[in-house]
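Enquirer: Here it is: the structure, laid out below.
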Amino acid sequence: MAADPLLTLDHASPIVTLQGHLLAKQASIPGATGTLSWILSALSISAKIIANKVRCARLQDVLGEAGADNVQGEQQQKLDVISNNVLLRLLGQREGVAIVASEENEEPVIIRDDPSGERRYCVLFDPLDGSSNLDVCGGVGTIFSILRHDRRAKDAPSSLLQPGREQVAAGYVLYGSSTVFVLTVGDGVDMFVLDPAVGAFMLVERGIRCPSANKSYSVNEGNRRTFPEGYQSYLDWAQERGYSSRYVGSMVADVHRILLKGGVFMYPPTKKAPDGKLRLMYEANPMAMLIEQAGGAALAAPGQRILDVQPTDIHQRVPVILGSRDEVANVAAQLG
Ligand code: P6P
């Protein structure tokens, strides 16, 4: 049986929590006031509350449908509503938050419409992505994106319509076999795992790099027949080369695998979703920032970075091709 690591005083492997990591980053940025740290702290607390709810869902009878559709016209799950309310309440308590936008809300929630000071932020999120997998204990997640509030915008909601390259932070929480918090603030990607005994997210990996040369793709092949021709050509090209296919149907679970193992994740245009199904502002943009920060690539189309797409609506959809730089290039080559 391995000895408890705490039996030896090993300074080489410090014990770092997410909170400690944020404070250390804040201390390293001249003039940082802690506003962003406080917002990320609210997301961390939200993740712990949601993780507990997800793990006890069947026991507390909060699985299943809430009986209404969300703005996307999709059946809301009870846990979608609970997760959304947790995030709205915790972020609403943070001075630094000017506006919150959620997949579950038609309109942005204006927390402070006359924010004083420059360091005001907008937080966009999908509170429980992939929630249709809850009933079968599949991986689900929270995805978040943080922008600076643009005080010059003609009105508060317009402040949100910034391209993804303007994000100051992005991340996700995967409620899977463990609860994982993956974060970038623009200087690389770090990963934390919730230690339920301690109640803290513990740093497990710094500076994650998305591996290349993994012959694997992730797409819902049930829609294959309505993909644009180039995507079908890529699938033929990959299958001729013995690629494997992995698809959970939950973006956070699929992208987390791509981040750690490499390969390519795609949600192409389909007959039912001509612009793809995934939302630009709170799904594609944060995932694109993470993947690019990890050395990968994220495109809406050949030569079109997701992070350069100029949004016109906070709920707009966008095609997604993201993952290892080499594999994204293979897809783009087939799309022509
Ligand atoms: P499909 C979940 O509903 C979601 O928004 C993403 O998490 C996931 O990648 C996608 O939809 C799955 O969609 O059409 O393959 O079921």
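Enquirer: Enumerate the amide H contacts of Val62 below 5 Å, restricted to partners 5 or more residues apart or on another chain; note that Pro and chain-start residues carry no placed amide H.
Expert: Excluding prolines and chain starts, which carry no amide H, there are no hits.
Enquirer: Starting from the Cα of Ile29, step 7 Å along the direction of its Cβ; do the same at Ile15; then give the gap between the two resulting points in nm.
Expert: For Ile29 paired with Ile15, the spin-label model returns 2.8 nm.
Enquirer: log10 I(q)/I(0), Debye, Cα-only the chain, no solvent, q = 0.08 Å⁻¹?
Expert: -0.37
Enquirer: How much mean residue ellipticity at 222 nm does the chain get from its helices, if each DSSP H run of length 4 or more adds -39500 (n - 2.57) and you divide by all residues, to the nearest 500 deg cm²/dmol?
Expert: Numbers: 7 runs with 89 residues, N = 336.
Counting only the DSSP helices, I get -8500 deg cm²/dmol.
Enquirer: Would you mind computing, in nm to one decimal, how far apart the modelled labels at Ala3 and Ala213 are, each placed 7 Å from Cα along Cα→Cβ?
Expert: Label-label distance for Ala3 and Ala213, simple model: 3.7 nm.
Enquirer: Still on this structure, please answer the following. Compute, for segment 1-145, the length of the dipole vector about the Cα centre, with Cβ point charges of +1 (Lys, Arg) and -1 (Asp, Glu) only. Units Debye, rounded to 20.
Expert: My answer is approximately 640 debye.
Enquirer: Tabulate in residue order the Karplus-calculated ³J(HN,Hα) for segment 222-236, using 6.51 cos²θ - 1.76 cosθ + 1.60 with θ = phi - 60°, rounded to whole Hz; enter x for Gly and Pro.
Expert: My calculation for segment 222-236 gives x, 8, 3, 5, 9, 5, x, 3, x, 5, 5, 4, 4, 4, 4 Hz in order.
Enquirer: Same structure again: Near the amide H of Asp129, under 5 Å away, which other amide H atoms are found, from residues 5 or more places off or on another chain, if H is placed in the peptide plane?
Expert: It is Gly141, Thr142, Ile143, by chain and number.
Enquirer: Another question, if that's okay. Normalised by the number of residues in segment 216-335, what is the relative contact order in percent for Cα pairs under 8 Å and 6+ residues apart?
Expert: 31
Enquirer: Run the quick spin-label model on Ser178 and Gln310: label points 7 Å from Cα toward the beta carbon, then report their separation in nm to one decimal.
Expert: The two pseudo-label positions are separated by 4.4 nm.
Enquirer: OK, next. Can you pull the three principal axis extents for the Cα set of segment 211-252, in Å, largest first?
Expert: 29, 26, 13
Enquirer: With +1 on the Cβ of every Lys and Arg and -1 on the Cβ of every Asp and Glu, and nothing else charged, how large is the dipole of the chain about its Cα centre, in debye rounded to the nearest 20?
Expert: In total the dipole reaches around 340 debye.
Enquirer: How much of the DSSP beta bridge set in the chain is antiparallel, as a percent to the nearest 5?
Expert: 85
Enquirer: Here's a follow-up. If you take every DSSP beta bridge whose two residues both sit in segment 216-335, what share of them, in percent to the nearest 5, is antiparallel?
Expert: Expressed as a percentage, antiparallel bridges in segment 216-335 total about 70.
Enquirer: Taking the C-alpha atoms of segment 11-102, how large are the radius of gyration and the largest Cα-Cα span, Dmax, in Å?
Expert: Computed over the Cα atoms of segment 11-102, radius of gyration and Dmax are 17.0, 53 Å.
Enquirer: Identify, among Ala169, Ala32, Ala2, the residue whose Cα sits farthest towards the positive end of the charge dipole of the chain, taking +1 on the Cβ of Lys and Arg and -1 on the Cβ of Asp and Glu, with the dipole about the Cα centre.
Expert: Ala2
Enquirer: If you take the Cα Rg of segment 13-205 and divide it by 2.2 N^0.38 Å, with N the number of residues, what do you get?
Expert: Taking N as the residue count of segment 13-205, the ratio is 1.03.
Enquirer: Moving on to the next point. Which far-off residues, 5 or more places away or on another chain, put their amide H under 5 Å from the one on Thr17, with H placed in the peptide plane?
Expert: Counting only residues 5 or more places away or on other chains, the set is Leu203.
Enquirer: Then there is this: Kindly give Rg over Rh for segment 216-335, based on alpha-carbon atoms, with the Kirkwood expression for the hydrodynamic radius.
Expert: So for segment 216-335, dividing Rg by the Kirkwood Rh gives 0.92.
Enquirer: Determine ³J(HN,Hα), in whole Hz, for all residues of segment 94-101 in sequence, where each value follows from phi through the Karplus function 6.51 cos²θ - 1.76 cosθ + 1.60 and θ = phi - 60°; x replaces Gly and Pro.
Expert: After applying 6.51 cos²θ - 1.76 cosθ + 1.60, I find 8, 3, x, 9, 8, 9, 10, 10 Hz.
Enquirer: Something else now. Which entries in Lys78/Lys277; Lys25/Lys78; Lys25/Lys48 show an alpha-carbon gap greater than 28 Å?
Expert: Over 28 Å Cα-Cα: Lys25/Lys78.
Taken together, the values in this text are just the output of simple stated rules run on the coordinates, not laboratory data. Since we're looking at a predicted model, the values are computed, not measured. Cβ: placed from backbone, ideal geometry, glycine included. Neighbour counts: every protein chain shown.
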